[in-house]
Structure formats: structure tokens, C-alpha cells
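Quick note: the coordinates plus some simple rules give every number you see, no bench work behind them. Not measured: the values here are computed from a predicted model. Backbone-built Cβ (ideal geometry, glycine too); neighbour counts: all protein chains shown.
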Amino acid sequence: MHSRFLTACFVLVILPLFACQPAAEPETVQTTAEDIDVVFDEIFERELALSPLRQSLLGRKTDQLGEWDDFADERAFERVERMQADVERLKSEFDYDALSEQQQLSHDLFVFDAERAAANIEFHRNSYVVDQFNGQLSGLLTVLQNAHPIASLEDAEDYISRIGGLEVVLNQVTADLKDRSEYGVIAPAFSFPAVLADARGMSSGAPIDDTETDNALFVDFRDKVAALELDAGDEEQLLMRASAALRGPFANGFRGLIAELEGLQLQQQEDHGAWALPNGEAFYRNRILHHTTLDLTADEIHEIGLSEVARIHDEMRDIMAEVGFDGTLREFFDAIREDPNNYFDDSDAGREQFLGEARQQIAEIYEIVGDYFHQVPKADLEVRRVEPWRENSTSIAFYNRPSEDGSRPGVYYANLADMNSVQRYVFSAITYHESAPGHHFQLALAQELEGLPTFRKFTQYGAFIEGWALYAEQLAREMGFYENPYHNFGRLQNELWRAARLVLDTGMHAKKWSRQRSIDYFRDNTPLSEGDIVTEVERFFVNPGQALGYKLGMMKILELRERAREALGNRFDIRDFHDAVIGAGSVPLGILEQRVERYIERTPVD
């Protein structure tokens, strides 16, 4: 999902250090400009060494493979302190003017990140510890399933160590739930049924209990160990140890967590937005800035959203005329929702049909990709169904980037739990968004860019990331897809969905909209299915500000593309523009504007 995450009224954020030239010249420059990338990589590796989880996600097998991160609040504060010290080091050791343009950009981004982290830490207790959308629990198990390969006996032992070590992590989560509830931060009431259902599902099944279904982690471990082809005795010992870890510390950790969640469920009877949290107004301002990198107020964003919704409605009416529909736009929405051609069978065969169509869409993009991009990622791209055991804790669709070395592919996941909520017309655009030319072209490519310090390959700014993916939905139209007007309507539906989010997010978090009012707004103004509407509303109740980046980021990219077209005329090449946008990794929108301006200035005159 994306920027997911402008016009002249959009004032770009320039933080005090963002210009990145020190306030005063350093007395001595102790290192050469060429060393700054070495420093950046040293810092990246230092932070990575503190996160066994991130090491696994990057595909690194280290001596910490059997461990988990320390998620205590103190660690977050310590990280901010380290970042501030790193900024001071950069200011004292390097002459900004002596750096290359690429190094200056790295310097700017590092300082931006440090200042953003310092601004965010003030509100660290305002975020929900566990909710129905962000997968705080399922994400841990997913690391074991998807990012903990077992290629040796030692890998298997590390996996068992991580199963047992989850007790410490879950106890920490339980303690954080208690702390946040004392502070006045409890997830909305609607989130608890799904959270509890998933927690119970993750901690059930053989060998933990006597149910007929095997526990998902045990199945994963058993299958991976079987592939090792060990002696029968060694394999049996490993399975016995894994069983003991699941029945003991793993189950104990979940029991305590579930008991705490059940208690909080009894306490929480309300579904309020960020405004109801401690210092809620300031917290939401922080979230707007964090997710958009734009200095906009909630009221300004709300009005932009209303304007965009009205514009897209007009384009939809044009499609109504094209297909000969006689009725109101609201009636057309209902007709789309009820159109049997818009849905797959709610069966395993229907799910396979969806996956096949998505793979075909991606193949078609790659057939003509050279006309629109100079460079595309080398990493493979796969389409998968979200595993059933975590369907309640994920979004409609999402993308997981490849491993650092590209050996593990990028993955476009689609949540196919209820095929009656999977609209074919809408998902044609979602596929472009999450895979190619969307997130995969952007995120996987960033990891493969040469000459960048490592931190820049993995940094993400919501409005840039999601803005590109929403832009990619429209780009696919320009590449010749959505020939069926109903599929083009689905594309517009996706854009309308993101525009409505501007209204929805500011409504629920600044204007005190209720859950029901938010649902009603979506139902009245979009053709989303009822299931998607509820998922959407509940998603953004627990993610203040994240909804804003998609449309605002897309608008900024389109604005910059039009500026480049007007300035360059027949010298404009869409491939060069795309290089300017995604050719340096993720950047805040202010820096993106600077990059496009430099691209315009440097394009040779015929």
C-alpha cells in the first residue's frame, strides 16, 4: 500500500537540519569525504546487530539466528540518543560542501531521519501495542515461517530457540499492554475479537493441545526439518524439542497475553480516533507529518480529499455513460457490487483463478517494461495467498520485499479469506500497485542500487512509497492496460478509495467521526464491498495518518511529471523521469522535488 504515501497550497517540510549544512564550519575535518559512506554503513551494521529479527528479514544468517529483539521502550529511547550522537559526529567530522551530491543526499536523509525519530519518540506510548491490523503478533511467527530457513542442524536448533524465546517477547508485549492501558491507550473495542481469535489460533493445535489441527509453527518446523534428510533419531529429537518449546514457554507466553487482552476487552467499550488519546491532537499532527512529510493541517487535507472525491466521481460518470448505465452514481456503485462478473468463486478454485490472473498481469507488464523504465529489479516476484492463520490480522493486499541478496523473492500477498470481498475489477489495479510496476519496482530496485550506503536501500517514507504505488496504478493505464471499462472503473475506484481516505482519516482522528459515520461515508461515496469498507475503516482507526500518504504522494509525483513535461517538451522521456523518482531509493517529498528539478536542469538540449 502506498503514497498512497501537490498543489501550490502544499508546503513541503524543511526541518531545521534538513538543508544539512552545519550552522558553523567545523574547526577541523578529521576524515575525507570518501569516508562518509563507510560511516553510514558502520552505523547501519551497528543498529542491525541489535536486531536479530531484521537480520532474518534481510536474509542474513548470523550467530543471533536463534534470538529475538529487545522490544523494551528503553531501547527505542537509546536508539534516538545514538542517532543524535551520530548527527553530531557527521557535523564535526565532515565538510558538507566537500561531499559529492550523492553523499550530500545521504547526509540530508540521515539527518532527516534522526530529527523525525526524535519528534516521534515523544508519542511512543500513543501507538497500540496489539491491534487487528498491524500483525504485531502474527508478524513474529511469519519471521519464522518466511525468513528462518533451516538448512542445517544448527538452523533447526536456532528455530527451537526462537520458539521458546517468544515467551520473553510475549511477556514484554503483555507488560506494554498494561503500561499503555494505565496511560489511557487501549485499542478500539472492535479490534479485540480479531486479535483474540488470531492469538488463540496461533497458540493452538497439536502438540500444544488435543485438537485435530497441527499448530502452524510446528507444521513449518516439521516440514523444514524433513527436507534436511537427517537420521530418524536426530529428526525425532528435534521434533520432541520443538514440541516441548511450543507446549511450554511458547504456550505460557500466549496464555498470559490472551488473559491481558481479555481483561482489556472488558474495559474498552469505545471506538475512538486519535483525538481521544492522551495529547491526541498533537499526536495526530505528528502522524500527519510522519506519514506525508508535508506541512499540512487536518482541515487542509480534509478539503483536498473532498475535492478529489468530487473530481473522481465525475470521471466515473463518464464510464457510466460509456457502458450505457442509466441511473445515479450510487446506483452504479450498487450494480458494481452486485455484478457476478466482478467476483471469483468463493472456493479454492476461485482463489487459484485469482492468483493465475495476477501472475498474468505481471507477465504482461514485463513484456513492455523497457518502454517505460531504464532499470527494473533483478529479484524475482511471486504472488501468494495470505496464509489462513493470519488472515484476520492483515490488510487486503501487501508486498514483502526480497531478501538483501535477492535469494528470497519479493512477494505480493493477497488476502483471499473471503472471495466475496475480492472484486476482480478493483484487484486488477491492486496487483499493479503491490507488484509491478508498483512496490516491487520501487522497493526491490532500491536494494539493488549501487553506490548507496546501506541505510538508504531500506529506508521508507510513507508518502513516497505509497504515492509511487498509487501512481503505478495509473501508469498501468498509460501502458495500455484496463481495456475493459469496468477494470478502468476499478482503477478509478482505487483512486477514489485513496482520496476518500483523506476525508476519512481526518474525520475520525481530528473531527471525531464515529466508526459508523466513517463506514457510512465510505458506503455513500465508493463502490467498495461491505467487507472491504469495514476492514478499511478499522484499519485506519488504529493507524492515524497512514491513510494520507497514498493520495498526497501520488498527487506530488503527477505534479512533478507534468512540470517536467512542460519544461522539457519533446526532450521528456518517461524512463528518465522514472529514474529521477525511484533511482535513489525512498526520499521525502521535498527531496523528491529537488531531484526532479535537477533532472530537468540536466536534460541535454537537442
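For segment 537-589, the mean projected area of the C-alpha convex hull, equal to one quarter of the hull surface, is 4.6 nm². Ordering Thr328, Leu528, Tyr482 by Cα displacement along the dipole of segment 285-550 toward the positive end leaves Leu528 in first place; charges were set at the Cβ atoms of Lys, Arg (+1) and Asp, Glu (-1).
Going by Cα centres, segment 100-114 and segment 550-606 are how many Å apart? Using only Cα atoms, the two centres lie 19 Å from each other.
Cross-link partners of Lys511 among lysines, defined as those whose alpha carbon lies under 28 angstrom from its own and excluding same-chain residues fewer than eight positions apart: Lys551, Lys556. Across the alpha-carbon set of segment 138-278, the Rg to Rh ratio works out to 1.07, Rh being the Kirkwood radius. Volume per residue for segment 318-449 equals 137 cubic angstrom (convex hull of Cα atoms). Counted over all Cα-Cα pairs of segment 33-126, pairs farther apart than 18 Å make up 54 percent. Note that segment 241-374 carries a Kirkwood radius of 21.9 Å, evaluated over its alpha carbons pair by pair. Based on every Cα atom in segment 364-431, Rg and the maximum pairwise Cα distance Dmax equal 14.2, 41 Å. Reported to the nearest whole Å, the Cα centre-to-centre distance from segment 374-434 to segment 245-268 is 30. Rounded to the nearest 500, the 222 nm mean residue ellipticity of the chain from helices alone is -19000 deg cm²/dmol, with -39,500 (n - 2.57) taken per DSSP H run of at least 4 residues. Label sites at Ala118 and Arg82, each approximated as a point 7 angstrom past Cα along Cα to Cβ, lie 1.8 nm apart. Pairwise alpha-carbon distances in the chain exceed 34 Å for 44% of all pairs.
Segment 452-606 has equivalent-ellipsoid semi-axes of 32, 20, 13 Å, by the square roots of 5 times the alpha carbon gyration tensor eigenvalues, sorted largest first. Extension gain, Ala206 to Thr62, is 48.8 nm, computed as 0.36 nm per intervening residue step minus the present C-alpha separation.
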